Amino acid sequence: MTDIAISVQNLGKKYTIGHQKSGSLRESFASKVRGLFTPSSMEQEEFWALRDINFEIKRGEAVGIIGRNGAGKSTLLKILSRITDPSTGRFEINGRVSSLLEVGTGFHPELSGRENIYLNGTILGMKRAEIKAKFDEIVSFSGVEKFIDTPVKHYSSGMKVRLAFSVAAHLEPEILIVDEVLAVGDAEFQKKCLGKMDEVSKNEGRTVVFVSHNMVAVESLCKYGLLIEDGIIKLNDNIGNIVNGYLNSLRAYESSVQKSRIMTLELMKLVSVKNEPNNLVKCGSTFSILMLIRNDSNIILDNVRVALGISNLEGQRILHLDTALNNQGIKLRSESATQVEFVLENNPLIQGVYFVTVFISYKDEPQIWVKDFMMFTVVEGNFYGSGRLPKKEQAQVLVPFNIKLND
Amino acid sequence: MHKTVVDANSSPFRLNLRELWAYRDLFIILAYRDLRVRYAQTFLGLFWAFIQPAATLLIFSVVFGRAVKVDTGGIPYPVFAIAGMSAWTYFAFVLNQSGNSIIGAQEMVKKIYFPRLVIPLSKAVVGLVDFAIVMLFLVGLMLIYRVPISANIWALPFFLLLTVVSSLAVGIWLSALTIRYRDFQHVVPFMVQFGLYATPIAYPAETIVKNLPHWANVLYYLNPMAGVVEGFRWAIIGGAAPSEYSWISFGLIFLLFLSGIVYFKKIEKVMADIV
């Protein structure tokens with residue numbers, strides 16, 4: 001018996017961009033006719049979504065796969081789940097696999113919750129008897145007991161997701177492949193799901209392959225990780241190094257210059273009053289986001305709109321700072337750079353990693369718009385003067401408040 | 001220990017019957033879902049499966065039974081027509097359903113692995129319910145018109161099997177073809193409509209064999225259902241034995257079935273990418 005659960009060798013996936021993907025008889029016929037006259041078809045462009053992927057996952061390990069959108073994570077999961085075939089290489093899986101690329105696959109709105117449990121469970125690879133045995137457990141985990149015989153089309157979207165996840169949570173494969181299914185449902189339910197996955201990997205000793213953008217979840221669930229960039233494995237290491245590697249690759253964007261026809265965003269950086277290093281700010285301290293915007297045209301650009309969106313690691317937008325909100329349109333003198341500084345007093349963000357999206361427009365025409373342009377970290381600080389802070393899962397932002405007593 | 005090996009260089013054709021059998025639960029539940037959903041929120045429910053052939057039968061009886069006076073060899077026209085129609089209804093149902101079956105299930109195809117053949121196969125099972133209803137209808141009419149069961153009834157299981165296999169053969173071909181060429185979405189309704197007249201349903205096959213030249217007969221029997229419908233009717237209510245041209249139909253069914261599976265397997269590899 002081998003202790004390798006998944007072994008992947010030289011795996012690659014090629015897509016052809018252009019006409020070939022799917023089409024009509026006429027196109028296919030036409031391209032065959034063209035092929036008679038031109039020796040090589042120039043129109044098709046090849047695109048390698050994955051290339052030279054090699055790794056091994058040991059039995060009982062939880063491995064996180066991280067990478068930016070379009071890096072090839074989902075393609076890798078699809079190949080490992082056998083949804084699509086690789087173009088090169090091979091892989092071997094030892095054990096029964098369940099893959100969860102979404103929750104609720106095959107759910108039918110006209111069928112009742114009960115019927116959908118059987119349907120979805122079977123689609124995910126459970127046997128009928130297995131579902132029957134776990135049925136009560138599934139229903140009570142989902143919390144929709146009262147509506148179990150109602151058609152799912154009358155469910156709220158939250159109920160649907162809960163029911164779907166409950167089915168998935170009761171799978172008992174030896175190897176579990178999970179895509180970002182945790183991006184659904186309310187926070188409480190997400191926690192429940194993470195707890196369940198933790199249980200599966202740590203207590204039951206099953207192999208888990210987990211793709212997510214949620215660094216907190218990945219870090220707490222997985223011991224090892226793969227960082228994928230542009231279709232290749234950039235890093236294969238323990239999870240701490242993988243998360244750092246990912247954050248560094250995002251940070252590499254920071255200094256790059258963004259340009260439009262009439263202006264350039266030359267610089268954007270975080271300035272904390274106490275000059276803390278490495279883009280660190282404390283809760284409750286004052287900091288600013290400083291930009292250097294150059295007007296490349298020879299006219300004065302008046303009433304330029306600058307907006308900053310601050311999102312947390314899970315991608316939720318926490319703050320929106322916008323010159324349009326307080327009517328402070330910015331004037332940029334011709335052919336020179338203007339320093340624009342957004343100042344935040346009493347930093348209300350709770351500890352964690354944040355990304356800044358920048359948007360600049362002139363006369364309602366977007367000039368510069370970069371998602372997650374800059375990253376910074378908020379660390380614990382003395383917001384309330386008491387030295388205490390709510391726990392991370394208790395709040396998203398901090399606000400000052402008073403308590404009045406009427407005796 | 002369950003072991004899965006996927007190799008990009010392995011041979012493209014590998015029909016894994018054991019795997020297909022392992023997925024029988026899925027296949028049953030998909031058929032169940034289709035059945036439950038088809039008549040959900042309809043007032044008449046399963047009765048619709050009876051109304052459609054009944055309406056066609058009524059038109060046929062008026063046009064071919066009364067007006068044209070087709071020679072049925074002494075068998076009351078409604079019994080004659082429904083005997084042919086029962087097998088055809090099943091075939092037409094499977095054709096209509098299979099063509100779009102994989103496109104209809106694309107959410108599943110893109111998100112989970114299972115042998116894709118399960119999809120068209122489950123459609124063929126769903127059709128059996130409608131088939132059974134039309135067969136009951138046929139039995140009812142035979143009782144009303146006091147038409148005795150023919151001595152050829154021993155051949156019925158064979159023709160039932162042929163009906164299912166030929167429906168599957170064309171269904172598997174169409175489900176795979178429609179993924180790549182959506183043109184077939186438009187071809188299928190046309191095929192079904194055309195086939196209703198190019199198959200000996202409303203008239204006996206002898207009329208064709210007797211009145212048309214040899215080459216036209218060969219062409220006629222290239223319709224896989226031509227031989228099947230003829231034999232099916234002969235097994236139940238008797239009449240003229242199937243002509244030797246029927247072998248063309250039978251041979252073609254066999255060929256279509258095998259080639260359909262090969263083509264399907266080939267497309268299966270890229271199904272999730274092109275659907």
*What number of residues in the range A:118-154 are in contact with an Asp or Glu (Cβ under 7 Å, 6 or more places away or on another chain) and within 14 Å of chain B (Cβ to nearest Cβ)?*
5
*Does A:ILE138 count as under 19 Å from A:MET197 (Cα atoms) and hydrophobic (A, V, I, L, M, F, W, C)?*
yes
*Restricting the range A:106-117 to residues that are facing chain B (nearest Cβ under 7 Å) and in contact (Cβ under 8 Å) with a residue 24 or more places away in the chain, which is surrounded by the most Cβ atoms within 10 Å (Cβ to Cβ)?*
A:LEU111
*Members of the range A:319-349 that are crowded, with 16+ Cβ neighbours inside 10 Å and out of contact with any Asp or Glu (no Cβ under 9 Å at 6 or more places or on another chain)*: A:LEU319, A:LEU321, A:THR323, A:THR338, A:VAL340, A:PHE342, A:LEU344, A:ASN347, A:PRO348, A:LEU349
_Options B:LEU141, B:LEU121; residue that is of a type outside the set (Lys, Arg), in a helix (DSSP H, G or I) and under 30 Å from A:GLY106 (Cα atoms)_ = B:LEU121
*Give the range A:129-146 a look and list any residue that's assigned to a helix (DSSP H, G or I) and either touching a Ser or Thr at 6+ places or on another chain (Cβ under 8 Å) or surrounded by 18 or more Cβ atoms within 10 Å (Cβ to Cβ) (or both), or say none.*
A:ILE131, A:LYS134, A:ILE138, A:VAL139, A:PHE141, A:SER142
*Mind telling me which of the residues B:TYR23, B:TYR39 ends up being within 14 Å of chain A (Cβ to nearest Cβ) and out of contact with any Gly (no Cβ under 7 Å at 6 or more places or on another chain)?*
B:TYR23
*For the range A:350-368, name all the residues that are part of a strand (DSSP E or B), surrounded by fewer than 19 Cβ atoms within 10 Å (Cβ to Cβ) and not hydrophobic (A, V, I, L, M, F, W, C).*
A:GLY352, A:THR357, A:SER361, A:GLU365, A:PRO366
*Please find, among A:LEU124, A:LEU76, A:LEU80, the residue that is over 19 Å from B:GLU19 (Cα atoms) and assigned by TED's automatic domain parsing to the domain that holds A:ASP230.*
A:LEU76
*Are there any helices (runs of 4 or more DSSP H) wholly within the range B:210-275 with 2 or more residues that are of a type in the set (Ser, Thr, Tyr), surrounded by 15 or more Cβ atoms within 10 Å (Cβ to Cβ) and at pLDDT below 95, and if so which?*
B:246-268
*Going by the conditions given, is B:SER86 within 20 Å of the chain's Cα centre (by Cα), among the hydroxyl-bearing types (Ser, Thr, Tyr) and farther than 18 Å from B:TYR32 by Cα?*
yes
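The values are calculated or read from the model by the stated rules, or taken from the named source; none is laboratory data. From a predicted model like this one, the values you see are computed outputs, not experimental measurements. A quick note on method: Cβ atoms are made from the backbone with ideal geometry, for glycine too, and the neighbour counts reach across all protein chains shown.
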